[in-house]
Structure formats: structure tokens, C-alpha cells
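Just so it is clear, none of the values below were taken in a lab; they were calculated from the coordinates. Model, not experiment: these values are computed from the prediction. Every residue, glycine as well, gets a Cβ built from its backbone with ideal geometry; the counts of neighbours run over all protein chains shown.
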Amino acid sequence: MAGWAPARANSAAGQSDSPAAIADGPNIAGAVPITLRINGKDRQLRVDPRTTLLDCIRETVALTGTKKGCDHGQCGACTVHVNGRRVNSCLSLAVMHDGEEITTIEGLGTPDALHPMQAAFVACDGYQCGYCTSGQIMSAVALLKERCGPDDAAVKELMSGNICRCGAYANIVAAIQQVRKTK
């Protein structure tokens, strides 16, 4: 792996052609200005039009709670909210969301004041390795705003876009149902 360095390090040295690595460069040919309201804060950015929302969030804005899993929209690890609706951020270009409200896992709660769904995941052991947890929580929060039947089968159906390779599904459903009961 000679010569390998994270995208930011390569970008600083002017060595990367990765869209996300050059996303915040002020004089990049083809870069377009966009404004994203991320977790309640307006971010004025210049991004390569090929940059995914996921790469923009992680590499340009440096919010790394949203995870890159499959990079094909099949695992749900990259789930964020766009204008209150869940979106696989790996399938969406950042420029498509100019002027929109983006909420990431970092925008749900704080270490001192967890969002009820975050607290329920902790209480119900709704995670094991934790890699999928941010996407699971973001989908679970969105699920509560969607039409969802009251039984576990309905919850499982609406959460089917999020994969947990550790198999914590029963605990994830328990966490969601716990929050539903308090609403």
C-alpha cells in the first residue's frame, strides 16, 4: 500500500482525483457551490458534481457517524434524513440536495442528551459491533413518522433496508417498539 493516504491527506498534497477529496477546494475546475443545512447549520460548500452526499458528509464536512457500507444502497449504513425522510446517502449526489435540510446521527442527540431512539438502542442492546447502528437509528427515527403497523412484522418490513451483519435484529425491533410505546 505504498503511497496510500486518506483522501484529505492526498488532497492537501494535491495528489488525489477523488471527487470528495477535492469537494471543498475553492478553485477546482467544475466545482459547483451548494448550501446544505446539516444538523441545523448552513454549510456553504464547493463540490465536484460527482460527489455523493455520503462522501460530502464524511470527507468534506467531517461528520463520520454516517457509515459507508456497501456503497450501492443495499445495506443502509449510510442512512440520513433529507427534509425529514430517510435516504441512502451513498446513492445520492450532494448537488441534488442544494438548499435542503440534512440530518445525520450527530444531529439527533448529544452524549449528554441522547435522542430517545439512541437511548432505546443502548437500553435494548440494539447493536453489537456498532457499524450499522447509525443507519439503523436514522431509519428507526424515520419509521416512527411513517405509516407503520403496530406489530413487530411491520417494523421489520420497514427496517428491511438496513442490514445488521451481527444479527441484532430482535433487539433493534425491541428498541423501536420501546420508543413507540412512549409516544
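In table form, for the structure just shown:
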| quantity | calculated |
| --- | --- |
| Relative exposure of V155, V82, judged by other C-beta atoms within 10 Å (fewest first) | V82, V155 |
| Full-stretch length increase - R37, E100 - with 0.36 nm per residue and alpha-carbon distance subtracted | 22.1 nm |
| Distant-in-sequence amide H partners of T66 (H built 1.01 Å from N, under 5 Å) | I105 |
| In degrees, nearest ten, helix 133-143 long axis to first principal axis of the chain (Cα) | 60 degrees |
| Among V141, V61, V87, residue whose mean-square fluctuation peaks in a GNM of the chain (springs only between Cα atoms under 10 Å) | V61 |
| 10 Å-binned pair-distance histogram of segment 84-173 (Cα, whole percent) | 15, 47, 32, 6 |
| Acute angle (nearest 10 degrees) that the helix 169-182 long axis makes with the longest principal axis of the chain, alpha-carbon atoms | 70 degrees |
| Calculated SAXS-style log₁₀ I(q)/I(0) at q = 0.08, 0.11, 0.12, 0.16 Å⁻¹ - the chain, Debye, Cα scatterers | -0.27, -0.50, -0.59, -0.95 |
| For the chain, built as a Gaussian network whose Cα springs stay under 10 Å, the top-fluctuating residue of A153, A140, A168 | A153 |
